[in-house]
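Colleague: Before I ask anything, here is the structure I am working with.
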Ligand SMILES: Cc1ncc(COP(=O)(O)O)c(C=O)c1O
């Protein structure tokens, strides 16, 4: 790269990226279509993670682009504080219809991080409205990821994301992680061992008494490296929350919209939480949109005495943005028309079969799969955790024409739900060649 190019790229500070290394040897994509990205020279790269878990219907869907363009011309922006527009009602209605159980009201925001913080605020507001304002404690889980805003970061359980930022929210505690390599290594789907880990909520209640407002977990932890719930764990967690009158929030930012072979992971696992957070796939990742789906019981608790009073002092300028809503409607139509949630089950079988073949490849310490998602843990370079994973991203991009997602030394695979078996085989074969080249 010439000096001029390096300077031109200096101003952009990339998130979750080693910037100095990146700018010395950048990985830049300029176009995307279907299962592929293309770099500025037109080189084709297989997309191993549907963008960042979000482009579930594949890239470049003209229906979504057309809907966005038409919406921007017709109604480019409308506030949803004290006003509304037709499509926001329609998206909320459709999401409520897709949601399990009695979850039937939708609060919109713009991202998974905002969705997590919104859900936590709903939980606090709910208990205050119910006359139990002492319930202010929020429980997350070790290895959980709920975005990077203060609430989600605090209940999150990834030390690297919290280390630099001090004490965070004070009234927070964590359930133990559901992952245990000794008992679960190379499990296919949900591991047999670990349902009892949900009972740790009893211990937290013994410690904190009746001050706990809510528990937030990902049904399948995504960012920590695809950690499927042990068989029966989510049912046991639901029962423990019921026993102690604690709200249960499922963060479905990754697991929603077909990744688990159903509209929501809640449906797949047969456990209905009190709230579901969503983002990413709701618009196929084309424009930002997120939100929280809550039960009527929660929604109605916020009712005020007088009709003119605001119920929930929370929201974002772009909550329910018309362009995002237009994108969501076009996206939900595609998911339905192309049966992508069912298709996901086929991808799950292809992916499981292919990825577990890598068991004896170099540096492989564990392999997991659940839904249309899988992860490969690599043994870290001694003394330099994360280095080997980083090398895998680079080798995949430059040598194998693959866009891989790596967190630490874990490779995550989550192709779009339009993937054919050939794409999966190509992806996994590419990963295998990458593993053979790692130092
Ligand atoms: C489960 C979960 N929650 C929240 C988030 C944060 O979403 P965003 O990056 O849109 O803020 C993510 C992102 O990957 C996620 O996986």
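Nothing in this text is a laboratory measurement; each read-out follows from the coordinates by a stated rule. Treat the numbers as computed from the prediction; the structure is a model and nothing was measured. Here the Cβ is made from the backbone with ideal geometry for all residues, glycine too, and neighbour counts use every protein chain on show.
Colleague: Test of understanding: in a Gaussian network model of the chain with alpha carbons linked when under 10 Å, which of 259, 188, 368 would top the mean-square fluctuation ranking?
Modeller: 188
Colleague: Starting from 0.36 nm per residue, how many nanometres of slack lie between residue 317 and residue 365 once their C-alpha separation is accounted for?
Modeller: Using 0.36 nm per residue and subtracting the Cα-Cα distance, I get 12.7 nm.
Colleague: Also, I was wondering about something else. Size of the range 3-82 along its principal axes in angstrom, Cα-based, largest extent first?
Modeller: Cα extents, longest axis first: 47, 31, 23 Å.
Colleague: For the chain, modelled as a Gaussian network with Cα springs under 10 Å, which listed residue fluctuates most, 229, 18, 322?
Modeller: Result: 18 has the largest fluctuation of those listed.
Colleague: Another question about this same structure. For residue 231 and residue 437, what is the calculated FRET efficiency with R₀ set at 35 Å and r taken between the beta-carbons, to the nearest 0.05?
Modeller: 0.45
Colleague: Give the span of the range 49-90's Cα atoms along each principal axis, as three whole-Å numbers ordered largest to smallest.
Modeller: That works out to 38, 20, 15 Å along the principal axes.
Colleague: What order do you get for 325, 109 when you list them from fewest to most C-beta neighbours inside 10 Å?
Modeller: 109, 325
Colleague: Let me ask something else about it. For labels at residue 394 and residue 97 in the simple 7 Å Cα→Cβ model, what's the distance in nm?
Modeller: Modelled inter-label distance: 5.1 nm.
Colleague: On full extension of the chain, what length is gained from residue 208 through residue 7, given 0.36 nm per residue of separation minus the C-alpha to C-alpha distance?
Modeller: Computed gain between residue 208 and residue 7 is 67.1 nm.
Colleague: Could I ask something else about it? Working out 0.36 nm times the residue gap between residue 142 and residue 21, then minus their Cα-Cα distance, what length gain in nm do you get to one decimal?
Modeller: My answer for the length gained is 40.6 nm.
Colleague: So, one more: Among 345, 405, 73, which one shows the highest mean-square fluctuation when the chain is modelled as a Gaussian network with alpha-carbon springs under 10 Å?
Modeller: 73
Colleague: Give me the Debye-computed log₁₀ of I(q)/I(0) at q = 0.11, 0.12, 0.13, 0.14 Å⁻¹ for the chain, equal point scatterers on Cα only, no solvent, two decimals.
Modeller: Calculated log10 I(q)/I(0) at the listed q: -0.87, -1.03, -1.21, -1.39.
Colleague: From the helices alone, meaning DSSP H stretches of at least four residues, give me the mean residue ellipticity at 222 nm for the chain, per-run term -39500 (n - 2.57), in deg cm²/dmol to the nearest 500.
Modeller: So the helix-based figure for the chain works out to -11000 deg cm²/dmol.
Colleague: For the range 266-418, what class follows from the C-alpha gyration tensor (a ≥ b ≥ c being the square roots of its eigenvalues): rounded when a/c is under 1.5, otherwise prolate if a/b is larger than b/c, else oblate?
Modeller: Prolate.
Colleague: While we're looking at this one, here's another question. Would you mind getting me the FRET efficiency between residue 66 and residue 181? Use the beta-carbon distance for r and R0 = 41 Å, nearest 0.05.
Modeller: Taking R0 as 41 Å, the efficiency between residue 66 and residue 181 is 0.30.
Colleague: Here is a further query. Taking the Cα-to-Cβ direction at residue 43 and at residue 349 and moving 7 Å from each Cα, how far apart do the two end points lie in nm?
Modeller: Reported label-point gap for residue 43 and residue 349 is 3.6 nm.
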